[in-house]
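Every read-out reported here was derived from the displayed coordinates using simple, explicitly stated rules and does not represent laboratory data. For clarity, every value in this text was computed on a predicted model and none was experimentally measured. With ideal geometry, Cβ positions are generated from the backbone for all residues, glycine too; neighbour counts draw on all protein chains shown.
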Amino acid sequence: EGEGGGEGEGGSRPGVLAGMEPQALPYVEAHLHLFRADSLSDAAAWASTDPFAACGGYGKQSVHEWGMAEAAELRVPRGGGTAFLVHCLDRDGASELRTETRPRHLDWLKASGRVHLAGPLREGGGQPVGTLLLVSGDSAEEVRAWAGEDPYAAAGLFSEVRVSPAPETAVPETAAGEGGTAPLVAW
């Protein structure tokens, strides 16, 4: 979010193109696509067809496997209100810290009663590299504060934590693309 500065001489605003007015609207920080694929390489191939990625529109792009947890306490049905995605990436070399902290992290998530979907993000070899949560919340700020209380976060596991509203867009399972990929849900 940036407004390009204040009024300059002659009514121009530094950093704003002529005719453009700054808006106090949230910007898109990231795109996250959740979909089913036969393999991580198939998922990467599907992701590479994103027109925004093809023109270099993303600062970085990564593809991970998401292992959704099966515990009923981590699959609380969505009610009314806003859901948020909490996307966390581990700092390098922290796999031992993740293993040590995992029981406290899971207990904390289950006790919260607000988690709709949860699970680790994994690289090709199955090594966890992050966490993805879909949770209920009052605002992004409130969810960000809640996520800061996660035992993983308190232990310093994460290098990045992103919180964003998760408007749901259902994609029919019959909309299989080439290579057997079938997008299920995209946020």
Exercise for the section: Name the residues whose placed amide hydrogens come within less than 5 Å of the amide hydrogen of Gly119, ignoring near sequence neighbours (fewer than 5 apart) on the same chain. Expected result: Ala69, Leu132
Completion exercise
Filtering trypsin sites (Lys or Arg not before Pro) in the range 49-87 by DSSP loop and by at most 10 other Cβ atoms within 10 Å leaves Lys60
Completion exercise
For the range 49-173, the percent of all C-alpha pairs falling in each 10 Å bin, from 0 up to the bin holding the max distance, is 12, 42, 35, 11, 0
Problem - Cα-projected label distance for Glu96 with Ser39, points at 7 Å along beta-carbon direction, nm - result: 3.4 nm
Handout entry: In the range 23-126, GluC sites (Glu not before Pro) in a DSSP loop with at most 13 other beta-carbon atoms within 10 Å
Key = Glu29, Glu70
